[in-house]
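Peer 1: Right, I'll just put the structure down here and ask away after.
Every number here is computed from the coordinates shown, using simple stated rules; none is lab data. Because the structure is predicted, anything quoted here is derived from the model rather than measured. Methodologically, a virtual Cβ is constructed for each residue, glycine included, from the backbone with ideal geometry; neighbour enumeration extends over all protein chains shown.
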């Protein structure tokens, strides 16, 4: 039996006050996760990284399928995306899953925190003459030099440096996650069919989406089932679409309820023609308007 490695992050590591970690965008975009993973798998991986950063021990996740399905946001689809979403995680002797690179960043952040505490304690002792002063951690999350270096990137000790190179290729994981989430939602919205809800059929849900007045859904469903005996579903859909176009920009108060429209065979209605001789002009809508001829009064 293969012996599991020791936990990659000791339990004593405390990263409270580090609410974010940095991401090497260039290396992430060149990774196999982005190259062969679907948008859903990439988004699930990003969520798991965030959850792992907040867990204790840090950079780890519980080896529980139900918890992982919830943390990843995948729900019932978790078994299909599990392998790709957990790339980079390894199971350790404490039974938890640790992300190798994220664990390195956690240890680097812990090293910086201990150095900061030691410098603060020494400064307090020199200034106030007290020993064993406990400094309060103050972390500027907008300064990359005070945060752990980027995931999948190289780390560097910043102690004693007065000038630091600009890390223009880094951004927070939230930026990349937001982009992946937008891609996933766009893909799902384009391919997701209309699904029945609350006991309504998929045919009725499609009809309800195009009908211009969304009131009395229960009565409309009953009328819809009866109307299907008198006309094809596509005929009802075309009629509702045409009626919605005619009512666009009109007072919604005078738009018929769907049940009323269905019971009256509204799909057979034709738009009323404009009355002949109706005056047209800038002020034609005003009561008492009389158009002038070419010579005026």
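Peer 1: Could you list, in sequence order, all residues of segment 2-31 that are farther than 21 Å from residue 73 by Cα, in a helix (DSSP H, G or I) and in contact (Cβ under 8 Å) with a residue 24 or more places away in the chain?
Peer 2: Result: 25, 26, 27.
Peer 1: When only residues in segment 226-241 that are outside any helix (DSSP H, G or I) and under 40 Å from the mean Cα position of the chain (by Cα) count, which is surrounded by the most Cβ atoms within 10 Å (Cβ to Cβ)?
Peer 2: Among them, the one singled out is 228.
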